[in-house]
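Since every read-out is calculated from the coordinates, none of them should be taken as a lab result. Fair warning: this is a prediction, and the values are worked out from it, not measured in the lab. Positions of Cβ are backbone-derived with ideal geometry, glycine not excepted, and every protein chain shown enters the neighbour counts.
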Amino acid sequence: MDAEEQIKKLGEFLEANYHSKLLEHIRKGENFLIVDFTELSKFDPDLSLELLENPEEVIKAAELSIEQFDLGERAKGFKIRFNNLPKDQSIMIRDIRSKHIGKLFSIEGIVRQKSDVRPQVTAAKFECPSCGNIIGILQLDASFKEPTRCGCGRKGKFHLLNKELVDAQGLVLEESPESLEGGEQPKRMSVLLKDDLVSPMSEKKTNPGSKILVVGIIKEVPIILRTGAKSTRFDLIIEANYIEAMEETFLEVEINEEEERKIKELSQDQNVVGKMVDSIAPSIFGYEKIKEALLLQLMGGVRKIRNDKVVSRGDIHILLIGDPGAGKSALLKRINLIAPKGRYVSGKGVSAAGLTASVVRDEFLKGWSLEAGAMVLSSNGICCVDEMDKIGPEDRGAMHEALENQTVSISKANIQATLLARTTVLAAANPKFGRFDPYDIIANQIDLPPTLINRFDLIFPIKDLPDETRDKAMASHILNLHQTPEMNEPEISTPFLKKYVAYARQKINPKLTDSALEEIKDYYIKMRMSGSAEGSIKTIPISPRQLEALVRMSEASARIRLSDKVTKKDARKAIDLLQYCLMQVGFDEETKKFDIDRIATGITASQRSHIVSIKDIIAELENRIGKTIPIDDIVAEAKEKEIEEEKVEEIIERLKRSGDIFEPRRGFVQRI
């Protein structure tokens with residue numbers, strides 16, 4: 001098929017199928033048109049085959065055919081983009097060979113790096129100084145070309161009249177991990193974007209970390225050696241014709257009218273919470289409270305920016321601490337599937353750079369560029385961190401800023417940047433000694449720094465204790481799943497649950513009502529006051545961070561019902577969940593009171609008051625006896641104040657470690 005026939009055929013095809021779309025695009029000032037490949041193959045199979053074999057010629061012909069429509073100046077430089085290629089035209093980066101060069105393929109992958117947008121010359125016009133002849137040269141290679149000679153015989157030294165520029169940008173595309181087997185390394189390939197593919201709107205699709213589908217022509221690029229000569233080896237690049245985002249955040253999920261009607265119908269159901277809790281992780285038995293918390297976490301609270309630019313986050317962070325084999329990882333994996341932009345990282349395979357961001361050499365622009373880590377990549381999504389106790393302390397420290405302020409600041413290799421990480425974190429960890437000791441306090445067994453734990457809104461200890469009735473039900477549930485894997489179909493399907501959550505997050509921004517506000521306030525004041533009843537010991541049962549957590553959870557609860565108002569009932573639900581967590585983690589057996597310090601500082605209020613008492617005794621004895629004080633005297637004095645001997649020894653050890661006292665000789669202590 002020669003070029004003229006191609007132009008004619010493509011003109012007929014576009015006029016028949018895309019005329020109204022074309023006019024609409026031109027009216028909006030957009031200079032591109034997306035054509036469905038399947039429609040072209042129905043219209044003319046030979047032409048569609050020709051497109052796959054010689055894409056450059058056919059795409060050029062399609063662009064020329066548009067100039068034949070009577071559209072005036074605007075049709076100049078119009079681009080045709082093809083999507084929906086057949087399945088056999090999709091190829092993995094690792095399978096690209098020299099026989100594929102110059103053909104059209106669709107390739108999936110994750111964007112790893114992205115260069116800045118820079119202009120590139122496509123054509124240049126030169127004037128001959130001798131005869132005034134104008135010579136046009138297309139610039140297709142990497143190097144800028146000048147005409148070698150003119151018709152009048154002149155060689156060299158031509159005037160450059162003008163040059164046409166287009167915007168260009170380079171991406172590095174990496175294979176997505178799902179498509180790999182065993183120990184394969186994901187392969188990378190450069191992608192060149194031009195014109196409207198780098199416009200601000202479409203640029204959002206290609207941010208690092210997003211998963212995209214590229215339809216493009218595979219081309220070879222000469223490698224220039226140090227001597228300036230061309231190498232015999234060539235590099236490959238994909239010249240993109242069309243780009244489509246594969247994965248979107250909650251805020252980008254598209255919902256049609258039919259789905260919206262179903263969503264509103266479900267929100268009117270009296271048992272909407274029960275149904276959704278059952279559908280969160282149907283294959284995991286029990287854990288109703290935790291599943292309810294996870295549902296609230298998916299919904300999230302409302303992010304508020306106040307007048308003084310202080311932002312209070314809306315994301316609810318949850319920490320699960322439990323015995324091995326209690327199904328923590330399974331819950332994390334499942335949440336990762338429901339959230340549209342989920343990232344899952346685990347244990348020793350995590351470094352600080354992998355969580356936040358790292359600075360790497362940029363091949364494209366020969367400088368330094370930022371490569372985003374898991375928490376930045378899952379911005380507006382969920383980051384699941386498994387085996388959190390196995391992450392090294394230096395690497396864990398990177399999470400502090402991302403959890404509370406929702407940003408990641410980097411200052412390395414003369415790059416100073418603050419990246420957004422509006423990420424919800426769901427973390428799982430094991431207790432200090434692998435399993436919970438049923439007789440010890442839970443707070444003592446959580447092997448994470450208090451500052452980090454304090455940033456989690458809810459902490460759930462999952463104990464795996466033998467209990468005949470529960471174990472029977474659990475065993476039959478697990479064994480039935482093995483017998484018939486497909487039997488446990490949730491009431492709400494996963495895609496619909498995803499749409500429901502997305503709709504709630506996009507459209508609903510609930511406000512606190514006065515009754516809900518009073519409810520939360522009363523609970524907070526009651527809990528704070530409960531600590532200061534006894535004169536000597538002041539437990540701090542709850543801190544302002546928990547107050548904010550209550551507000552966030554109440555808002556999330558209202559979102560489940562698609563309600564604009566946070567009612568008293570929502571506030572009660574949030575209070576019940578927090579109370580359940582505090583009961584498990586922050587309850588001080590000695591004083592029979594809640595004590596947030598168990599988690600927040602690692603020293604309970606009763607211990608703190610004992611430490612103060614012992615310090616007073618030492619000061620008193622020093623005045624009576626002198627500098628060196630026998631430990632026996634301290635024990636005797638403490639007994640009168642009803643402090644046991646073991647506790648005294650423990651406190652003396654603690655004071656020695658902190659450097660308040662030292663032991664000049666055995667059995668005696670002295671203040672420093």
* Spin-label model distance (nm) - Thr122 vs Lys60, 7 Å beyond Cα toward Cβ -> 1.3 nm
* Structure fact -> If one compares the long axis through the Cα atoms of helix 468-483 with the longest principal axis of the Cα atoms of the chain, the angle in degrees, nearest 10, works out at 20 degrees
* So if we plug the beta-carbon distance of Lys507 and Ile101 into 1/(1 + (r/R0)^6) with R0 = 60 Å, what FRET efficiency do we get, rounded to 0.05? -> 0.80
* Asked: Taking a Cβ-Cβ separation under 4.7 Å as the criterion for a possible partner, which cysteines of the chain have none?
  -> Cys383, Cys384, Cys581
* Asked: If exposed GluC sites (Glu not before Pro) are those in a DSSP loop with at most 16 other Cβ within 10 Å, what is the longest stretch of the chain that has none?
  -> 31-180
* In deg cm²/dmol and to the nearest 500, what is the mean residue ellipticity at 222 nm of the chain if only DSSP H runs of at least 4 residues count, each as -39500 (n - 2.57), divided by the residue total? -> -11500 deg cm²/dmol
* To do: State the extension gain, in nm to one decimal, for the chain segment bounded by Phe144 and Ala16, taking 0.36 nm per residue of separation less the distance between their alpha-carbons.
  => 42.0 nm
* Extent of region 3-84 along each principal axis, from alpha carbon coordinates, in Å, largest to smallest? -> 32, 24, 19
* Candidates (i) 1.39; (ii) 1.14; (iii) 1.27; which is the computed Cα Rg over 2.2 N^0.38 Å? -> (iii)
* Sort out for me the Cα centre separation of region 66-119 from region 202-243, rounded to whole Å. => 11 Å
* Cut-off 18 Å, label 7 Å out along Cα→Cβ of Val310, residues of region 394-432 by amide N -> 404-407
* **Cα coordinate range in region 290-368, projected on the principal axes (Å, largest first)** => 49, 43, 21
* Structure fact -> DSSP beta bridges in region 257-584: the antiparallel percent, rounded to 5, is 40 percent
* Asked: Where in region 368-462 are there trypsin sites (Lys or Arg not before Pro) that are in a DSSP coil and have at most 10 other Cβ atoms within 10 angstrom of their Cβ?
  -> none
* Which FRET efficiency, nearest 0.05, do Ile224 and Ser493 yield, Cβ-Cβ r, R0 60 Å? -> 0.65
* Structure fact -> Counting only backbone N atoms under 18 Å from a point 7 Å out along Cα-to-Cβ of Ser409, the residues of region 374-392 in range are 376
* To do: Assign unit charges at the C-beta atoms only (+1 for Lys and Arg, -1 for Asp and Glu), then state the dipole size of region 1-145 relative to its Cα centre in Debye, rounded to the nearest 20.
  => 780 debye
* Structure fact -> When the charge dipole of the chain is computed with +1 on Lys and Arg Cβ and -1 on Asp and Glu Cβ about the Cα centre, the Cα farthest towards its positive end, among Ile255, Val58, Ile224, belongs to Ile224
* Note the full-extension length gain between Cys131 and Lys204 as 0.36 nm times their separation in residues minus their Cα-Cα distance, in nm to one decimal. => 21.3 nm
* Helix 328-338 vs. the chain, principal-axis angle (Cα, 0 to 90°, nearest 10) -> 40 degrees
* **Directionally averaged shadow of region 144-288, computed from the convex hull of its alpha-carbon atoms, nm²** => 18.0 nm²
* Structure fact -> D (µm²/s, integer) via Stokes-Einstein for region 605-671, Kirkwood Rh across alpha-carbon pairs, 4 °C, 1.567 mPa s: value 110 µm²/s
* Asked: Once Lys and Arg get +1 and Asp and Glu get -1 on their Cβ, which of Val385, Gln185, Val172 lies farthest toward the positive end of the dipole of the chain?
  -> Val172
* What longest region of the chain stays clear of chymotrypsin sites (Phe, Trp or Tyr not before Pro) that DSSP places outside H, G, I, E and B and that have at most 12 other Cβ atoms within 10 Å? -> 145-432
* Rounded to the nearest 5, what is the percent of antiparallel bridges among the DSSP beta bridges in the chain? -> 70 percent
* Asked: Once you wrap a convex hull around the alpha carbon atoms of region 320-422, what is its projected area averaged over all directions, in nm²?
  -> 7.4 nm²
* Return the FRET efficiency for the residue pair Ser346, Gln89: r is the Cβ-Cβ distance, R0 is 22 Å, and the value is rounded to the nearest 0.05. => 0.05
* Please report, in cubic angstrom per residue, the volume enclosed by the convex hull of the alpha-carbon atoms of region 369-468. => 118 Å³
* What angle, in degrees between 0 and 90 and rounded to the nearest 10, separates the Cα long axis of helix 514-530 from the longest principal axis of the Cα atoms of the chain? -> 40 degrees
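Order by neighbour count: Ser411, Ser202, fewest other Cβ atoms within 10 Å first, most last. Spell out each step's value before the answer.
Details: Ser411 10, Ser202 16.
Sorted ascending by nearby Cβ count, the order is Ser411, Ser202.
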